[in-house]
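The values are calculated or read from the model by the stated rules, or taken from the named source; none is laboratory data. None of the values given here were measured: they were computed from a predicted structure. Positions of Cβ are generated from backbone atoms using ideal geometry, with glycine treated the same way; all protein chains shown enter the neighbour counts.
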Amino acid sequence: MSEPTKTDPIKVYDARWETDEFTPLEIRRFIEAVLIYGRGLGVDTVTIARDARLGSGSVMEMALKSAVQAGFTVYLCTDPISTPQSYFLSFWASKDHPKTMGLTITASHNPANYVGLKVVVPGVQAIGLNCGPDGGFAKIREIYHGSETLQLGAGGKLILVDPTERYLRFSMRAAGIEDGELEGMKVILDALNGSAGPELCRALQQAGVSVLPLRLIPDGTFPSGSPNPTSRNKMDEAVALAGKTGAVLVIGTDGDGDRLVFGNARGIMNAGFASTPILRKLLAGGSASGTSLPKPAKIIYDPKVNPLALVEWAKLDIKPVLFGNGHSQIKEHMRRIGALAAVEESGHYYHSLTTEGLTFFAENSLVTVFLLVKALKENPALMGNMWALQDRVFTTGEINYQMADDETRDRALQAVLQYFKDDHAVLVSETEEGIDLLGTIASRGVDLDAGKLESDWYNGYLRAATNEKSVLRFYLSAGSSDLGMQIEQKTRDIFGRYPGNAID
């Protein structure tokens with residue numbers, strides 16, 4: 001994918017930037033470009049929400065002023081909320097205003113000095129670069145660098161809203177949960193000072209769960225570092241607390257609440273294994289609207305999901321569908337193929353949600369959490385069963401390297417790929433449909449079509465980060481610890497030859 005000739009905040013999934021990277025005038029122009037794009041789609045209503053990070057407030061002020069002056073009806077939630085709740089806000093507004101665009105001001109799990117914008121268009125359809133009507137952010141980029149201006153309009157109106165109670169009730173219905181139904185369950189919730197902590201805690205308590213919270217208060221300085229629960233050692237305190245208290249489940253979430261990790265006193269689980277009981281509950285209950293599901297059910301997975309987990313999925317009458325990383329792109333592919341759900345090893349769980357005649361595809365962390373806690377209540381041995389599967393594999397977690405520059409990053413990436421070529425690994429960079437995976441899978445001894453894994457199998461995924469400069473990401477799973485550690489060390493040795501440092 002070619003780089004733009006001029007700089008702008010647009011990335012592959014959304015827009016994201018460091019707070020001192022662009023001037024207020026440039027950010028205002030970017031917001032205007034988004035609204036011009038929306039107007040071209042017939043948008044008349046805009047929802048605006050934000051997470052807790054410090055840079056979100058000023059961007060929200062710009063977005064609010066521009067939208068009202070341009071004549072849009074604006075539904076504004078001033079308090080920090082999760083990205084999944086912001087998607088629900090757009091859905092709720094769409095019931096009376098079908099031409100609704102949603103703006104979510106967030107930089108997800110990035111460090112505190114980042115801010116950004118996620119966008120949905122009518123139908124609660126997420127857009128990305130070359131994804132969505134007229135190319136989504138590609139069209140916005142064209143407008144941003146062009147001369148078209150946002151015309152002022154009459155009739156602009158501001159409506160202040162608090163969607164939390166509606167979101168909670170909607171999510172409980174979607175998960176099939178009644179008040180108090182999960183009484184007797186004890187969980188640890190570590191929100192990493194992100195915006196989702198209060199709503200997750202409140203929802204779980206409404207369902208009867210005893211919640212022991214950590215880092216619950218939204219704090220945009222993120223005093224314990226980048227709010228990414230998948231980072232190594234980030235969840236150690238929660239895991240230790242589960243051991244002391246006997247909590248059945250550890251839940252961790254990121255800065256804007258659309259990323260989840262699960263575990264217990266033993267540690268944090270891979271998403272592929274943790275998702276298996278969640279998918280089983282979805283299949284048992286039908287779709288969120290209660291309608292019948294096609295067989296086998298299509299579930300999208302990203303290149304990092306463990307092959308052993310995919311073998312387990314297939315036993316549930318699931319057809320696993322490979323697709324690359326990319327939140328907006330995954331949701332659009334779900335829409336395209338009629339997928340029930342999608343799972344990324346990074347902790348993103350996506351649902352097909354249908355209610356009041358509208359189906360939309362989005363993360364809903366409350367639904368995901370409710371389904372897993374309900375499964376654990378019904379089968380207390382479930383965690384042990386999942387750990388028995390996870391104990392059969394070696395995984396690294398996500399390994400990240402900040403290189404000196406993009407050229408250095410690319411040379412290091414090619415050196416690692418050459419190592420895998422020399423090891424006779426199969427390298428795959430696109431799906432069966434020819435869709436770019438935005439990275440490369442390197443695997444040996446894996447035959448998912450036959451449901452077969454050789455004793456010396458491994459599966460790695462390497463890519464350049466799309467939302468952070470000069471960052472390389474690597475993730476590995478293998479059939480044995482000895483083999484996995486050998487490959488991990490070799491990969492780190494190769495990265496270490498180039499100027500840069502390992503990062504959380």
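Below are the figures for this structure:
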{"item": "Residue satisfying condition, being more than 20 Å from G347 (Cα to Cα) and not assigned by TED's automatic domain parsing to the domain that holds Y349, within set G252, G246, G197, G225", "result": "G246"}
{"item": "Residue ranges of helices (runs of 4 or more DSSP H) in segment 331-449 with at least 2 members out of contact with any His (no Cβ under 8 Å at 6 or more places or on another chain), of a type outside the set (V, I, T) and exposed (fewer than 15 other Cβ atoms within 10 Å of the Cβ)", "result": "382-390, 406-422"}
{"item": "Residue, nearest to G496 (Cα to Cα), within segment 376-416, restricted to residues that are more than 22 Å from the chain's Cα centre (by Cα) and among the small types (G, A, S)", "result": "A412"}
{"item": "Number of the condition not met by G135 [criteria: (1) of a type in the set (G, A, S); (2) surrounded by fewer than 24 Cβ atoms within 10 Å (Cβ to Cβ); (3) in contact with a Phe, Trp or Tyr (Cβ under 9 Å, 6 or more places away or on another chain)]", "result": "(3)"}
{"item": "Test set (1) at positive phi; (2) in contact with a strand residue (DSSP E or B) (Cβ under 9 Å, 6 or more places away or on another chain); (3) in contact (Cβ under 8 Å) with a residue 60 or more places away in the chain - R215 fails condition number", "result": "(3)"}
{"item": "Within segment 454-472, tally of residues that are in contact with a strand residue (DSSP E or B) (Cβ under 6 Å, 6 or more places away or on another chain), part of a strand (DSSP E or B) and either farther than 16 Å from R411 by Cβ or free of Cβ contacts under 8 Å to residues at least 40 places away in the same chain (or both)", "result": "7"}
{"item": "Per-region count, segment 147-174, residues part of a loop (DSSP other than H, G, I, E, B) and within 22 Å of the chain's Cα centre (by Cα)", "result": "1"}
{"item": "Single residue of R232, R259, R280 found to be touching a strand residue (DSSP E or B) at 6+ places or on another chain (Cβ under 7 Å) and outside the structural domain of T106 (by TED's automatic domain parsing)", "result": "R259"}
{"item": "Scope segment 294-315; condition in a helix (DSSP H, G or I) and within 25 Å of R463 (Cα to Cα); matching residues", "result": "P307, L308, A309, L310, V311"}
{"item": "Matching residues, segment 463-473, being in contact with a helix residue (DSSP H, G or I) (Cβ under 6 Å, 6 or more places away or on another chain) and buried (at least 20 other Cβ atoms within 10 Å of the Cβ)", "result": "L472"}
{"item": "L41 surrounded by 21 or more Cβ atoms within 10 Å (Cβ to Cβ), modelled with pLDDT of 95 or more and on the phi < 0 side of the Ramachandran plot", "result": "no"}
{"item": "Lone qualifier among G263, G255 - being assigned to a loop (DSSP other than H, G, I, E, B), at pLDDT 95 or above and farther than 25 Å from L358 by Cβ", "result": "G255"}
{"item": "Segment 185-210 residues that are among the acidic types (D, E), paired with ones that are crowded, with 24+ Cβ neighbours inside 10 Å and part of a strand (DSSP E or B) (beta carbon under 8 Å, 6 or more apart)", "result": "D190/V250; D190/I251; D190/G252; D190/T253"}
{"item": "Which listed residue, of E181, E199, is in a loop (DSSP other than H, G, I, E, B) and not basic (K, R)", "result": "E181"}
{"item": "Breaking point among (1) modelled with pLDDT of 95 or more; (2) surrounded by fewer than 19 Cβ atoms within 10 Å (Cβ to Cβ), for K95", "result": "(1)"}
{"item": "Which numbered condition A375 fails, given (1) of a type in the set (A, V, I, L, M, F, W, C); (2) within 27 Å of Y461 (Cα to Cα); (3) in contact with a Lys or Arg (Cβ under 9 Å, 6 or more places away or on another chain)", "result": "(2)"}
{"item": "Flag for R28 being of a type in the set (D, E, K, R), in contact with a Ser or Thr (Cβ under 8 Å, 6 or more places away or on another chain) and surrounded by 14 or more Cβ atoms within 10 Å (Cβ to Cβ)", "result": "yes"}
{"item": "Residues (of a type in the set (S, T, Y) and at pLDDT below 95) located in segment 441-460", "result": "S455"}
{"item": "Scan of segment 467-479 for residues that are of a type outside the set (A, V, I, L, M, F, W, C) and more than 19 Å from V305 (Cβ to Cβ), ordered by number", "result": "N467, E468, K469, S470"}
{"item": "Test: residue in segment 33-49 that is in contact with a Lys or Arg (Cβ under 7 Å, 6 or more places away or on another chain), more than 15 Å from Y144 (Cα to Cα), in contact (Cβ under 8 Å) with a residue 60 or more places away in the chain and aliphatic (A, V, I, L, M)", "result": "yes"}
